[in-house]
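Structure first, commentary second.
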Amino acid sequence: QYCPEAVPAVKVVAPGATGEGILWAAELGADLQNMGAYQGHAFHGVDNDKTLEQGVANNGGIIVNQDGNRFMNEYGGYSEMSPHVLAQPDGIGYLCFTDLQREQSKKFAEWEEEGIVLRGNDVAQLAAIGADPAKFERTVSDYQKAIGAGMDKFNRSHLPASFEPPFYAVKLTGEIRHTQGGMATDVAGHVLRADKSLIEGLYAAGGCTEGFSSRGGAAYMSGNGLIQALVFGKIAGT
C-alpha cells in the first residue's frame, strides 16, 4: 500500500514484523507518519539467495540490466540503490567486475564454490548473461573511457584504475529489510493522534513507530533502526 516499488523485493525481515501493531494503533486513531519510507538493499544474490558483497561495486564494479545497460551510479547507499535495481526488467541486475575487484573481494571464493559466478574472457563471452552483445560492448567501452576521464555519465568519480578482462558477473535483485513508517510518538514514547493529543496509556518503540531517515522512499541512514528500537524501547519501557 505505501511502498509499491518495493513489493517485488526479496523480504529480509524479522519473522514477527507483520504489521499488526500499526493496524491496531490506526484503529485507535494514531497518527501514522513516514509510511512510504523503507530500508532496501540492492545486492541480493538471485542464485544463492544471500546478500552479496557491496564492496565489489564500491571498488569499481558496475551493474547492468538484462539489456546490458548501466542505469545508476553504483557507488552509493545500498538502500538508495535498491529501487533502481527493482525498476529494471524482471527486477534483475548483473554485478560485473574484473580481477581488480575479485582480488579485493572477501566473498568471491564462496561465490565460486556456490557456482554463481559467470566468466568471460572478453565482453562478448560475458554477454552470455543474456545481455545484448552490442549494448553490453558499448557499456563497457563507455565505462573504460570514463575511467580515463575521471568521471562517468552518472557523475561517478570513485573509479577503478582500469576495467579490463577477464570479466565476472553475479546475478542480483533488490531486498527490503524493514519499513520505517509507523505511529507518531513524542520524545517519551507516547503515541500521538494527528492533533498531537496523546492516546492515553499507549507507548511505542521500534519498527512500529515513525522512522528518522526519510519521509519516503529507500533513503536510510545505517543505525537509525537501532535508535528506534534500543533507545526508544528503553524510554517507552521506563
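Numbers for the structure displayed
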| item | result |
| --- | --- |
| Spin-label proximity, A87 to region 1-27 - amide N less than 16 Å from point 7 Å beyond Cα toward beta carbon | 3-9 |
| Sequence-separation-based contact order of region 49-111, relative, with Cα cut under 8 Å and 6+ spacing, percent | 42 |
| Contact order relative to length of the chain, as percent, for alpha carbon pairs under 8 angstrom and 6 or more apart | 31 |
| For region 28-35, 3J(HN,Hα) per residue [Karplus equation, 6.51 cos²θ - 1.76 cosθ + 1.60, θ = phi - 60°, Hz, x = Gly/Pro] | 8, x, 5, 7, 9, 10, 6, 5 |
| Sequence-distant lysines (8 or more away, or on other chains) whose Cα lies within less than 20 Å of K145 | K135, K153 |
| Label-point separation, A17 to N224 (7 Å along Cα→Cβ), nm | 1.4 |
| Length-normalised contact order for region 199-238 - Cα pairs under 8 Å, 6+ apart - percent | 51 |
| Within a Gaussian network of the chain (alpha carbon springs, distance under 10 Å), most fluctuating of R138, R70, R119 | R138 |
| Karplus-derived 3J(HN,Hα), 6.51/-1.76/1.60, for each residue of region 113-125, Hz, glycine and proline x | 4, 7, x, 9, 8, 9, 10, x, 6, 8, 4, 4, 5 |
| Overall form of the chain per C-alpha gyration tensor (a/c, 1.5; a/b vs b/c) | prolate |
| Under the span-like rule (Cα at least 30 Å along the axis, Kyte-Doolittle mean at least 1.6), DSSP H helices of the chain | none |
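Readers should treat all values here as calculations from the given coordinates under stated rules, not as data from a laboratory. Model, not experiment: these values are computed from the prediction. Cβ sites come from the backbone with ideal geometry, for glycine too, and all protein chains shown count toward neighbours.
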